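The values are calculated or read from the model by the stated rules, or taken from the named source; none is laboratory data. The structure displayed is predicted, hence computed values, not measured ones. Positions of Cβ are generated from backbone atoms using ideal geometry, with glycine treated the same way; all protein chains shown enter the neighbour counts. When the accessible area is computed, the model is the full protein with side chains, heavy atoms only, and any ligands, DNA or RNA have been set aside. Shrake-Rupley method; radii C 1.70, N 1.55, O 1.52, S 1.80 Å.
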Amino acid sequence: MNSPFNSPLWNALEEHYKSISQLHLRDLFHSDPQRFTKFSICWNEFLFDYSKNRLTEKTLSLLFQLANEINLSENIEKMFSGQKINLTENRSVLHIALRNRSGQPIYVDGHNVMDEVKKVLEKMKNFSLDIRSQQWRGYSGKPIKYIVNIGIGGSDLGPRMVCRALTPYGHKEIKVHFVSNIDGTDLAEVLKAVELDQTLFIVSSKTFTTKETLTNAQTARKKLIEYFGGETKAVEKHFVAVSTNEKAVKDFGINPINMFEFWDWVGGRFSLWSAIGLSIVLYIGMENFEELLYGAYLADEHFRNTPFEKNIPVIMALLGFWYGNFFGAETYGIFPYDQYLELLPNYLQQLYMESNGKRINKEGKLIHYQTGPILWGNPGTNGQHSFFQLLHQGTHLVPSDFIAPIETHNPLDNHHLILLSNFFAQTEALMKGKTEEEVKEEMEKANLSADEIKRLLPHRSFPGNRPSNSILITKITPKTLGSLIAFYEHSIFVQGLLWNINSFDQWGVELGKQLATKIEKELASGSLVSEHDCSTKGLIEHYLRESRV
Ligand code: F6P
(Lines give C-alpha, C1' and ligand atoms only; values in the text may rest on other atoms or scores of the structure.)
Protein backbone atom coordinates (compact mmCIF):
# COMPACT_ATOMS: atom_id res chain seq x y z
CA MET A 1 0.00 0.00 0.00
CA ASN A 2 1.67 3.24 -1.14
CA SER A 3 -0.79 5.58 0.46
CA PRO A 4 -3.03 4.92 3.44
CA PHE A 5 -5.49 7.16 1.64
CA ASN A 6 -6.03 4.47 -1.02
CA SER A 7 -6.87 1.85 1.55
CA PRO A 8 -10.53 0.82 1.99
CA LEU A 9 -9.74 1.13 5.68
CA TRP A 10 -9.30 4.87 5.26
CA ASN A 11 -12.87 5.08 3.95
CA ALA A 12 -14.05 2.84 6.76
CA LEU A 13 -12.36 5.11 9.30
CA GLU A 14 -13.89 8.15 7.65
CA GLU A 15 -17.35 6.60 7.87
CA HIS A 16 -16.71 5.59 11.45
CA TYR A 17 -15.49 9.11 12.26
CA LYS A 18 -18.90 10.48 11.29
CA SER A 19 -20.58 8.49 14.05
CA ILE A 20 -17.81 9.04 16.61
CA SER A 21 -17.76 12.79 16.09
CA GLN A 22 -21.34 12.89 17.43
CA LEU A 23 -20.44 11.05 20.65
CA HIS A 24 -19.43 12.80 23.84
CA LEU A 25 -16.74 11.32 26.08
CA ARG A 26 -18.98 11.97 29.06
CA ASP A 27 -21.55 9.59 27.61
CA LEU A 28 -18.93 7.02 26.64
CA PHE A 29 -17.71 6.94 30.24
CA HIS A 30 -21.23 6.92 31.57
CA SER A 31 -22.29 3.98 29.44
CA ASP A 32 -19.22 1.88 30.16
CA PRO A 33 -17.83 1.73 33.71
CA GLN A 34 -15.05 -0.52 32.38
CA ARG A 35 -13.76 2.11 29.98
CA PHE A 36 -10.64 2.88 32.03
CA THR A 37 -9.78 -0.82 32.42
CA LYS A 38 -10.31 -1.40 28.73
CA PHE A 39 -8.32 1.55 27.51
CA SER A 40 -5.33 1.72 29.81
CA ILE A 41 -2.08 -0.21 29.99
CA CYS A 42 0.12 -0.89 33.01
CA TRP A 43 3.69 -1.53 31.99
CA ASN A 44 6.67 -1.54 34.36
CA GLU A 45 6.59 1.82 36.17
CA PHE A 46 4.09 3.24 33.67
CA LEU A 47 0.34 3.62 33.61
CA PHE A 48 -0.75 4.73 30.15
CA ASP A 49 -4.40 5.79 30.26
CA TYR A 50 -5.89 6.52 26.86
CA SER A 51 -9.52 6.12 27.87
CA LYS A 52 -10.16 9.89 27.60
CA ASN A 53 -9.90 9.69 23.83
CA ARG A 54 -12.68 9.93 21.31
CA LEU A 55 -12.74 6.30 20.38
CA THR A 56 -14.59 3.06 20.83
CA GLU A 57 -13.49 -0.53 20.43
CA LYS A 58 -14.51 -0.26 16.78
CA THR A 59 -12.13 2.69 16.29
CA LEU A 60 -9.25 0.72 17.69
CA SER A 61 -10.12 -2.33 15.70
CA LEU A 62 -10.05 -0.32 12.44
CA LEU A 63 -6.79 1.37 13.41
CA PHE A 64 -5.17 -1.97 14.26
CA GLN A 65 -6.32 -3.33 10.91
CA LEU A 66 -4.65 -0.37 9.25
CA ALA A 67 -1.46 -1.09 11.22
CA ASN A 68 -1.57 -4.63 9.85
CA GLU A 69 -2.21 -3.39 6.36
CA ILE A 70 0.94 -1.25 6.41
CA ASN A 71 2.84 -4.36 7.59
CA LEU A 72 3.81 -2.67 10.81
CA SER A 73 5.36 -5.78 12.39
CA GLU A 74 7.52 -6.46 9.34
CA ASN A 75 8.57 -2.82 9.21
CA ILE A 76 9.54 -2.86 12.89
CA GLU A 77 11.73 -5.87 12.14
CA LYS A 78 13.29 -4.05 9.20
CA MET A 79 14.39 -1.27 11.52
CA PHE A 80 15.63 -3.59 14.27
CA SER A 81 17.57 -5.75 11.83
CA GLY A 82 19.46 -2.82 10.32
CA GLN A 83 17.81 -2.64 6.90
CA LYS A 84 18.36 0.66 5.10
CA ILE A 85 14.96 2.16 5.78
CA ASN A 86 16.21 5.75 5.46
CA LEU A 87 15.69 5.59 1.71
CA THR A 88 16.78 9.06 0.64
CA GLU A 89 20.12 8.73 2.42
CA ASN A 90 20.46 4.97 1.96
CA ARG A 91 21.09 4.42 5.67
CA SER A 92 20.05 2.07 8.41
CA VAL A 93 18.20 3.58 11.37
CA LEU A 94 19.71 1.99 14.41
CA HIS A 95 19.41 4.11 17.51
CA ILE A 96 18.02 0.89 19.00
CA ALA A 97 21.50 -0.67 18.62
CA LEU A 98 22.93 1.95 20.97
CA ARG A 99 20.82 0.54 23.82
CA ASN A 100 20.66 -3.07 22.71
CA ARG A 101 21.07 -5.17 25.85
CA SER A 102 20.02 -8.48 24.29
CA GLY A 103 23.53 -9.71 23.62
CA GLN A 104 22.44 -10.30 20.00
CA PRO A 105 24.45 -8.87 17.11
CA ILE A 106 23.00 -6.23 14.76
CA TYR A 107 24.45 -6.08 11.27
CA VAL A 108 24.94 -3.22 8.86
CA ASP A 109 26.49 -4.25 5.52
CA GLY A 110 27.48 -7.59 7.05
CA HIS A 111 29.25 -5.94 9.96
CA ASN A 112 28.16 -6.34 13.61
CA VAL A 113 27.79 -2.79 14.88
CA MET A 114 27.52 -3.92 18.50
CA ASP A 115 31.32 -4.28 18.76
CA GLU A 116 31.93 -0.60 18.05
CA VAL A 117 28.95 0.48 20.17
CA LYS A 118 30.46 -1.31 23.17
CA LYS A 119 33.92 0.09 22.46
CA VAL A 120 32.69 3.69 22.47
CA LEU A 121 30.60 3.10 25.62
CA GLU A 122 33.74 1.80 27.30
CA LYS A 123 35.69 4.86 26.22
CA MET A 124 32.92 7.13 27.55
CA LYS A 125 32.95 5.24 30.84
CA ASN A 126 36.71 5.56 31.31
CA PHE A 127 36.69 9.21 30.39
CA SER A 128 33.82 9.96 32.78
CA LEU A 129 35.65 8.15 35.59
CA ASP A 130 38.72 10.31 34.91
CA ILE A 131 36.72 13.54 34.91
CA ARG A 132 34.45 12.72 37.85
CA SER A 133 37.30 11.39 40.03
CA GLN A 134 39.38 14.48 39.16
CA GLN A 135 42.13 12.37 37.57
CA TRP A 136 41.74 14.40 34.42
CA ARG A 137 43.05 17.86 35.08
CA GLY A 138 42.87 21.08 33.12
CA TYR A 139 45.99 22.68 31.65
CA SER A 140 46.84 24.45 34.90
CA GLY A 141 46.30 21.28 36.95
CA LYS A 142 42.85 22.08 38.29
CA PRO A 143 39.98 19.54 38.17
CA ILE A 144 37.09 19.94 35.74
CA LYS A 145 34.04 21.55 37.29
CA TYR A 146 32.21 22.85 34.23
CA ILE A 147 31.09 20.87 31.20
CA VAL A 148 30.05 22.92 28.18
CA ASN A 149 28.37 21.02 25.37
CA ILE A 150 28.56 22.94 22.11
CA GLY A 151 26.10 21.56 19.57
CA ILE A 152 22.74 22.26 18.00
CA GLY A 153 19.54 20.37 17.11
CA GLY A 154 19.99 16.70 17.85
CA SER A 155 23.48 17.38 19.18
CA ASP A 156 22.03 19.65 21.85
CA LEU A 157 18.34 19.10 22.62
CA GLY A 158 18.60 15.48 23.80
CA PRO A 159 21.52 15.85 26.23
CA ARG A 160 20.18 19.22 27.39
CA MET A 161 16.74 17.76 28.14
CA VAL A 162 18.11 14.61 29.82
CA CYS A 163 20.58 16.52 32.02
CA ARG A 164 17.78 18.79 33.16
CA ALA A 165 15.38 15.88 33.70
CA LEU A 166 17.95 13.95 35.73
CA THR A 167 19.23 16.87 37.80
CA PRO A 168 18.75 14.87 41.04
CA TYR A 169 21.33 12.37 39.72
CA GLY A 170 23.84 15.04 38.71
CA HIS A 171 27.35 15.30 40.17
CA LYS A 172 27.18 17.87 42.94
CA GLU A 173 30.43 19.56 41.97
CA ILE A 174 30.03 19.49 38.20
CA LYS A 175 27.87 22.01 36.39
CA VAL A 176 26.75 21.34 32.86
CA HIS A 177 26.01 24.07 30.32
CA PHE A 178 24.77 23.99 26.74
CA VAL A 179 25.60 26.40 23.95
CA SER A 180 23.67 26.02 20.73
CA ASN A 181 22.66 29.37 19.27
CA ILE A 182 24.95 31.24 16.89
CA ASP A 183 23.79 34.39 18.67
CA GLY A 184 26.98 35.33 20.53
CA THR A 185 24.89 35.97 23.63
CA ASP A 186 24.50 32.25 24.17
CA LEU A 187 28.23 31.56 24.38
CA ALA A 188 29.03 34.86 26.08
CA GLU A 189 26.63 34.16 28.95
CA VAL A 190 27.99 30.65 29.46
CA LEU A 191 31.56 31.94 29.42
CA LYS A 192 30.60 34.32 32.23
CA ALA A 193 29.32 31.37 34.27
CA VAL A 194 32.43 29.15 34.04
CA GLU A 195 36.10 29.25 35.04
CA LEU A 196 37.98 28.45 31.84
CA ASP A 197 40.80 26.62 33.61
CA GLN A 198 38.19 24.21 35.04
CA THR A 199 36.07 23.82 31.91
CA LEU A 200 35.76 20.97 29.45
CA PHE A 201 34.18 21.85 26.10
CA ILE A 202 32.50 19.00 24.24
CA VAL A 203 32.09 19.89 20.58
CA SER A 204 29.17 17.73 19.51
CA SER A 205 28.34 17.53 15.85
CA LYS A 206 27.48 14.49 13.79
CA THR A 207 28.76 16.09 10.58
CA PHE A 208 31.25 18.51 12.17
CA THR A 209 30.28 20.97 9.46
CA THR A 210 27.42 22.77 11.22
CA LYS A 211 28.13 26.47 11.06
CA GLU A 212 26.64 27.38 14.45
CA THR A 213 28.55 24.67 16.30
CA LEU A 214 31.87 25.24 14.58
CA THR A 215 31.69 29.01 15.04
CA ASN A 216 30.85 28.66 18.74
CA ALA A 217 33.61 26.08 19.15
CA GLN A 218 36.19 28.28 17.35
CA THR A 219 35.33 31.24 19.57
CA ALA A 220 35.47 29.14 22.73
CA ARG A 221 38.85 27.76 21.61
CA LYS A 222 40.15 31.28 20.98
CA LYS A 223 38.97 32.42 24.42
CA LEU A 224 40.64 29.45 26.06
CA ILE A 225 43.95 30.02 24.30
CA GLU A 226 43.82 33.73 25.19
CA TYR A 227 43.12 32.77 28.81
CA PHE A 228 46.25 30.62 28.85
CA GLY A 229 48.40 33.39 27.33
CA GLY A 230 48.49 31.96 23.81
CA GLU A 231 49.26 28.35 24.80
CA THR A 232 47.56 26.24 22.08
CA LYS A 233 48.59 23.10 23.97
CA ALA A 234 45.88 23.90 26.52
CA VAL A 235 43.26 22.87 23.94
CA GLU A 236 43.85 19.15 24.35
CA LYS A 237 43.07 19.33 28.07
CA HIS A 238 39.90 21.33 27.57
CA PHE A 239 38.35 20.19 24.29
CA VAL A 240 36.92 16.85 23.20
CA ALA A 241 34.75 16.10 20.19
CA VAL A 242 31.81 13.85 19.44
CA SER A 243 31.34 13.18 15.76
CA THR A 244 31.18 10.79 12.82
CA ASN A 245 33.73 12.92 10.94
CA GLU A 246 37.26 12.27 12.18
CA LYS A 247 38.95 14.31 9.50
CA ALA A 248 36.97 17.46 10.30
CA VAL A 249 37.66 16.95 14.02
CA LYS A 250 41.39 16.75 13.28
CA ASP A 251 41.24 19.81 11.02
CA PHE A 252 39.56 21.71 13.84
CA GLY A 253 42.56 20.96 16.05
CA ILE A 254 41.18 18.25 18.33
CA ASN A 255 43.31 15.16 18.67
CA PRO A 256 41.30 12.09 17.47
CA ILE A 257 42.30 10.43 20.77
CA ASN A 258 39.91 12.91 22.33
CA MET A 259 37.17 12.12 19.86
CA PHE A 260 34.14 9.97 20.69
CA GLU A 261 32.79 8.33 17.61
CA PHE A 262 29.31 7.55 16.38
CA TRP A 263 27.96 6.47 13.00
CA ASP A 264 25.82 7.54 10.09
CA TRP A 265 23.12 5.04 11.08
CA VAL A 266 22.36 7.20 14.12
CA GLY A 267 20.07 10.08 13.17
CA GLY A 268 20.94 13.41 14.83
CA ARG A 269 17.62 13.67 16.67
CA PHE A 270 17.92 10.06 17.84
CA SER A 271 21.50 10.42 19.01
CA LEU A 272 21.37 11.11 22.75
CA TRP A 273 22.00 7.39 23.32
CA SER A 274 25.30 7.60 21.43
CA ALA A 275 28.48 9.49 22.33
CA ILE A 276 26.33 12.62 21.87
CA GLY A 277 25.23 11.69 25.39
CA LEU A 278 28.78 12.33 26.70
CA SER A 279 27.68 15.44 28.63
CA ILE A 280 24.96 13.28 30.26
CA VAL A 281 27.53 10.65 31.25
CA LEU A 282 29.90 13.22 32.75
CA TYR A 283 27.04 14.78 34.70
CA ILE A 284 25.09 11.75 35.97
CA GLY A 285 27.79 9.06 35.73
CA MET A 286 28.03 5.96 33.54
CA GLU A 287 25.89 3.76 35.78
CA ASN A 288 22.97 6.11 35.47
CA PHE A 289 23.54 6.49 31.72
CA GLU A 290 23.45 2.68 31.41
CA GLU A 291 20.11 2.77 33.27
CA LEU A 292 18.82 5.30 30.75
CA LEU A 293 19.86 2.94 27.95
CA TYR A 294 18.31 0.01 29.77
CA GLY A 295 15.00 1.82 30.14
CA ALA A 296 14.99 2.55 26.42
CA TYR A 297 15.90 -1.08 25.68
CA LEU A 298 12.90 -2.27 27.72
CA ALA A 299 10.66 0.05 25.70
CA ASP A 300 12.25 -1.28 22.48
CA GLU A 301 11.44 -4.83 23.49
CA HIS A 302 7.89 -3.84 24.43
CA PHE A 303 7.46 -2.14 21.04
CA ARG A 304 8.93 -5.06 19.12
CA ASN A 305 7.19 -7.93 20.91
CA THR A 306 3.85 -6.73 22.26
CA PRO A 307 0.61 -7.22 20.32
CA PHE A 308 -0.68 -3.90 19.02
CA GLU A 309 -3.64 -4.02 21.43
CA LYS A 310 -1.27 -3.63 24.40
CA ASN A 311 1.54 -1.78 22.66
CA ILE A 312 1.97 1.72 24.12
CA PRO A 313 3.90 3.43 21.28
CA VAL A 314 1.70 1.82 18.62
CA ILE A 315 -1.45 3.08 20.34
CA MET A 316 0.10 6.54 20.86
CA ALA A 317 0.87 6.68 17.14
CA LEU A 318 -2.55 5.49 16.02
CA LEU A 319 -4.28 8.05 18.22
CA GLY A 320 -2.18 10.88 16.80
CA PHE A 321 -3.03 9.67 13.30
CA TRP A 322 -6.73 9.40 14.19
CA TYR A 323 -6.90 13.02 15.38
CA GLY A 324 -4.70 14.48 12.65
CA ASN A 325 -6.26 12.75 9.68
CA PHE A 326 -9.90 12.47 10.71
CA PHE A 327 -10.56 15.22 13.26
CA GLY A 328 -8.25 17.65 11.46
CA ALA A 329 -6.23 18.37 14.62
CA GLU A 330 -3.12 20.22 13.49
CA THR A 331 -1.23 20.43 16.74
CA TYR A 332 -0.29 18.12 19.58
CA GLY A 333 0.28 19.22 23.18
CA ILE A 334 2.86 17.84 25.58
CA PHE A 335 2.28 18.81 29.20
CA PRO A 336 4.71 17.36 31.71
CA TYR A 337 3.62 17.88 35.30
CA ASP A 338 7.20 17.78 36.50
CA GLN A 339 9.55 20.73 36.49
CA TYR A 340 12.52 18.51 35.66
CA LEU A 341 10.77 17.54 32.41
CA GLU A 342 10.38 21.17 31.37
CA LEU A 343 12.53 20.68 28.24
CA LEU A 344 10.68 17.58 27.05
CA PRO A 345 8.34 19.55 24.74
CA ASN A 346 11.33 21.31 23.08
CA TYR A 347 13.09 18.01 22.62
CA LEU A 348 10.02 16.27 21.21
CA GLN A 349 9.41 19.20 18.90
CA GLN A 350 12.52 18.34 16.89
CA LEU A 351 11.83 14.62 17.14
CA TYR A 352 8.31 14.97 15.72
CA MET A 353 8.61 17.91 13.40
CA GLU A 354 11.96 17.13 11.79
CA SER A 355 10.96 13.48 11.40
CA ASN A 356 7.42 13.74 10.08
CA GLY A 357 7.24 17.28 8.73
CA LYS A 358 7.11 15.90 5.19
CA ARG A 359 4.88 16.42 2.14
CA ILE A 360 6.40 13.90 -0.26
CA ASN A 361 5.82 10.16 0.14
CA LYS A 362 8.39 7.41 -0.13
CA GLU A 363 7.70 7.12 -3.87
CA GLY A 364 8.48 10.81 -4.37
CA LYS A 365 4.85 11.83 -4.87
CA LEU A 366 3.07 14.81 -3.32
CA ILE A 367 0.88 13.83 -0.38
CA HIS A 368 -2.74 15.00 -0.13
CA TYR A 369 -3.36 14.22 3.51
CA GLN A 370 -2.04 15.75 6.71
CA THR A 371 1.29 14.41 8.07
CA GLY A 372 3.24 15.30 11.24
CA PRO A 373 1.58 17.58 13.81
CA ILE A 374 2.86 20.86 15.12
CA LEU A 375 4.10 19.84 18.52
CA TRP A 376 4.21 22.23 21.42
CA GLY A 377 3.88 22.33 25.18
CA ASN A 378 4.99 23.59 28.53
CA PRO A 379 5.12 22.18 32.03
CA GLY A 380 1.95 22.10 34.11
CA THR A 381 0.75 23.93 36.08
CA ASN A 382 2.21 26.99 34.32
CA GLY A 383 0.34 26.24 31.10
CA GLN A 384 -2.95 26.23 32.98
CA HIS A 385 -2.53 29.92 33.70
CA SER A 386 -1.72 30.87 30.13
CA PHE A 387 -2.84 28.79 27.16
CA PHE A 388 -5.17 26.23 28.72
CA GLN A 389 -8.07 28.65 28.19
CA LEU A 390 -7.84 27.84 24.48
CA LEU A 391 -7.71 24.11 25.17
CA HIS A 392 -10.93 24.29 27.19
CA GLN A 393 -13.02 26.82 25.29
CA GLY A 394 -11.22 27.65 22.05
CA THR A 395 -12.17 26.46 18.58
CA HIS A 396 -9.21 24.09 18.11
CA LEU A 397 -9.08 20.46 19.07
CA VAL A 398 -5.68 19.84 20.69
CA PRO A 399 -5.06 16.21 21.58
CA SER A 400 -2.41 16.07 24.27
CA ASP A 401 -0.26 14.00 26.57
CA PHE A 402 -0.26 14.75 30.28
CA ILE A 403 2.78 13.24 31.97
CA ALA A 404 3.39 13.09 35.72
CA PRO A 405 5.49 11.21 38.26
CA ILE A 406 3.69 9.65 41.24
CA GLU A 407 6.70 10.33 43.43
CA THR A 408 8.60 13.59 43.39
CA HIS A 409 12.31 14.14 43.97
CA ASN A 410 11.40 17.20 46.04
CA PRO A 411 8.69 16.39 48.58
CA LEU A 412 8.08 19.93 49.83
CA ASP A 413 5.04 20.14 52.10
CA ASN A 414 1.92 19.44 50.04
CA HIS A 415 3.27 20.71 46.69
CA HIS A 416 3.19 17.38 44.93
CA LEU A 417 -0.31 16.66 46.08
CA ILE A 418 -1.52 19.97 44.67
CA LEU A 419 0.43 19.38 41.46
CA LEU A 420 -1.16 15.97 40.93
CA SER A 421 -4.60 17.28 41.84
CA ASN A 422 -4.20 19.71 38.96
CA PHE A 423 -2.94 16.96 36.67
CA PHE A 424 -6.04 14.83 37.33
CA ALA A 425 -8.40 17.80 37.29
CA GLN A 426 -7.28 19.12 33.93
CA THR A 427 -7.81 15.93 31.94
CA GLU A 428 -11.15 15.43 33.67
CA ALA A 429 -12.22 19.00 32.92
CA LEU A 430 -11.12 18.74 29.29
CA MET A 431 -13.04 15.50 28.94
CA LYS A 432 -16.24 16.40 30.81
CA GLY A 433 -16.54 20.11 30.25
CA LYS A 434 -19.30 21.93 32.11
CA THR A 435 -22.86 21.87 30.81
CA GLU A 436 -25.18 24.87 30.74
CA GLU A 437 -27.32 23.15 33.38
CA GLU A 438 -24.35 22.85 35.72
CA VAL A 439 -23.34 26.44 35.15
CA LYS A 440 -26.92 27.62 35.67
CA GLU A 441 -27.21 25.73 38.94
CA GLU A 442 -23.93 27.21 40.14
CA MET A 443 -25.01 30.74 39.32
CA GLU A 444 -28.41 30.27 40.91
CA LYS A 445 -26.71 29.17 44.10
CA ALA A 446 -24.62 32.33 43.92
CA ASN A 447 -27.88 34.33 43.72
CA LEU A 448 -27.27 35.83 40.30
CA SER A 449 -30.30 37.40 38.63
CA ALA A 450 -32.08 35.55 35.84
CA ASP A 451 -30.83 38.13 33.32
CA GLU A 452 -27.25 37.79 34.49
CA ILE A 453 -27.50 34.01 34.29
CA LYS A 454 -28.82 34.17 30.73
CA ARG A 455 -26.09 36.60 29.68
CA LEU A 456 -23.21 34.66 31.24
CA LEU A 457 -24.33 31.12 30.51
CA PRO A 458 -22.63 30.63 27.13
CA HIS A 459 -19.40 32.22 28.35
CA ARG A 460 -19.14 30.10 31.46
CA SER A 461 -19.96 26.68 30.04
CA PHE A 462 -17.34 24.30 28.62
CA PRO A 463 -18.03 21.93 25.72
CA GLY A 464 -15.66 19.20 27.01
CA ASN A 465 -15.05 16.18 24.73
CA ARG A 466 -11.40 17.26 24.46
CA PRO A 467 -9.10 14.26 24.31
CA SER A 468 -5.95 13.50 26.27
CA ASN A 469 -3.62 10.69 27.26
CA SER A 470 -2.41 10.46 30.85
CA ILE A 471 1.02 8.96 31.42
CA LEU A 472 1.69 8.29 35.10
CA ILE A 473 5.22 7.21 35.96
CA THR A 474 6.24 5.94 39.38
CA LYS A 475 9.22 8.31 39.49
CA ILE A 476 11.41 10.09 36.94
CA THR A 477 14.58 8.00 37.05
CA PRO A 478 17.18 7.35 34.33
CA LYS A 479 15.40 4.09 33.55
CA THR A 480 11.86 5.48 33.28
CA LEU A 481 13.06 8.50 31.33
CA GLY A 482 14.79 6.17 28.86
CA SER A 483 11.54 4.26 28.34
CA LEU A 484 9.49 7.42 27.96
CA ILE A 485 11.75 8.87 25.25
CA ALA A 486 11.89 5.56 23.39
CA PHE A 487 8.07 5.38 23.37
CA TYR A 488 7.92 8.72 21.60
CA GLU A 489 10.64 7.71 19.12
CA HIS A 490 8.73 4.58 18.17
CA SER A 491 5.42 6.38 17.97
CA ILE A 492 6.97 8.77 15.43
CA PHE A 493 8.31 5.81 13.44
CA VAL A 494 4.85 4.20 13.29
CA GLN A 495 3.25 7.45 12.18
CA GLY A 496 5.83 7.81 9.41
CA LEU A 497 4.81 4.36 8.19
CA LEU A 498 1.12 5.26 8.34
CA TRP A 499 1.77 8.34 6.23
CA ASN A 500 4.19 6.48 3.94
CA ILE A 501 6.95 9.04 4.45
CA ASN A 502 10.63 8.78 5.33
CA SER A 503 10.87 9.92 8.97
CA PHE A 504 14.66 9.84 8.95
CA ASP A 505 15.85 12.58 6.61
CA GLN A 506 15.56 16.37 6.96
CA TRP A 507 16.19 18.00 3.59
CA GLY A 508 13.88 20.85 4.58
CA VAL A 509 16.56 22.47 6.71
CA GLU A 510 18.99 22.89 3.82
CA LEU A 511 17.57 25.81 1.81
CA GLY A 512 17.80 28.30 4.67
CA LYS A 513 21.38 27.18 5.38
CA GLN A 514 22.42 27.74 1.73
CA LEU A 515 20.86 31.19 1.56
CA ALA A 516 22.35 32.22 4.91
CA THR A 517 25.83 31.31 3.61
CA LYS A 518 25.37 33.61 0.60
CA ILE A 519 23.91 36.45 2.66
CA GLU A 520 26.67 36.16 5.26
CA LYS A 521 29.19 37.01 2.53
CA GLU A 522 27.10 39.98 1.47
CA LEU A 523 26.83 41.28 5.03
CA ALA A 524 30.57 40.88 5.54
CA SER A 525 31.47 42.67 2.30
CA GLY A 526 28.75 45.29 2.71
CA SER A 527 27.33 44.81 -0.79
CA LEU A 528 24.61 42.71 -2.31
CA VAL A 529 25.77 40.42 -5.08
CA SER A 530 23.01 37.81 -5.36
CA GLU A 531 19.42 38.26 -6.48
CA HIS A 532 16.91 38.85 -3.71
CA ASP A 533 13.22 39.65 -3.61
CA CYS A 534 12.54 43.31 -2.80
CA SER A 535 11.60 42.52 0.83
CA THR A 536 14.81 40.62 1.61
CA LYS A 537 16.83 43.22 -0.32
CA GLY A 538 15.16 46.05 1.58
CA LEU A 539 15.81 44.39 4.93
CA ILE A 540 19.47 43.71 4.15
CA GLU A 541 20.05 47.23 2.85
CA HIS A 542 18.42 48.68 5.94
CA TYR A 543 20.66 46.56 8.14
CA LEU A 544 23.77 47.58 6.18
CA ARG A 545 22.90 51.27 6.47
CA GLU A 546 21.95 51.17 10.15
CA SER A 547 24.78 48.92 11.32
CA ARG A 548 27.29 51.47 10.02
CA VAL A 549 25.87 54.23 12.20
O1 F6P B 1 19.93 21.37 10.59
C2 F6P B 1 19.33 20.26 11.13
C3 F6P B 1 20.33 19.27 11.62
O4 F6P B 1 20.92 18.62 10.56
C5 F6P B 1 19.70 18.28 12.59
O6 F6P B 1 19.09 17.24 11.96
C7 F6P B 1 20.84 17.93 13.45
O8 F6P B 1 20.42 17.34 14.63
C9 F6P B 1 21.50 19.27 13.62
O10 F6P B 1 21.35 19.91 12.38
C11 F6P B 1 22.94 19.25 14.05
O12 F6P B 1 23.75 18.59 13.13
P13 F6P B 1 25.22 18.15 13.51
O14 F6P B 1 25.14 17.21 14.65
O15 F6P B 1 25.77 17.49 12.28
O16 F6P B 1 25.99 19.39 13.87
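Observations
- Carbon plus sulfur fraction of accessible area for the stretch 154-230, probe 1.4 Å, in percent: 51
- Alpha carbon centroid spacing (whole Å) that separates the stretch 453-471 from the stretch 268-347: 31
- Taking all protein chains into account, the per residue accessible area for the chain stands at 45 Å² (1.4 Å probe).
- Helix axis angle, 510-525 relative to the chain longest principal axis, alpha carbon, degrees: 50
- Dividing the summed helix terms, -39500 (n - 2.57) for each DSSP H run of n ≥ 4, by the number of residues in the chain produces a 222 nm estimate of -15000 deg cm²/dmol to the nearest 500.
- Taking a straight Cα-Cα cut-off under 22 Å and skipping sequence neighbours fewer than 8 places away in the same chain, the lysines within cross-link reach of LYS18 are LYS52, LYS58, LYS432.
- Amide H partners (placed H, <5 Å) of ARG91, local residues excluded: ASN86
- Net +/- balance of residues flanking PHE80 in space, Cβ distance below 14 Å, scoring K and R +1, D and E -1: 0
- Peptides 471-480, 413-422, 270-279 ordered by average Cβ neighbours within 10 Å, highest first: 270-279, 471-480, 413-422
- Value of Rg to Rh for the chain (Rh from inverse mean 1/r over Cα pairs, i.e. Kirkwood): 1.00
- Convex hull volume of the stretch 93-249 per residue (C-alpha atoms, cubic angstrom): 134
- Of the solvent-accessible surface of the stretch 323-454, computed with a 1.4 Å probe and all protein chains present, 51% belongs to carbon and sulfur.
- Links that overshoot a 22 Å alpha carbon limit, given the list LYS175/LYS206; LYS118/LYS175; LYS211/LYS247; LYS145/LYS222; LYS223/LYS518; LYS119/LYS206: LYS175/LYS206; LYS118/LYS175; LYS223/LYS518
- Of all DSSP-defined beta bridges confined to the chain, some 30% are antiparallel rather than parallel.
- Computed over the chain: relative contact order in percent, which uses C-alpha pairs under 8 Å that are six or more apart: 18
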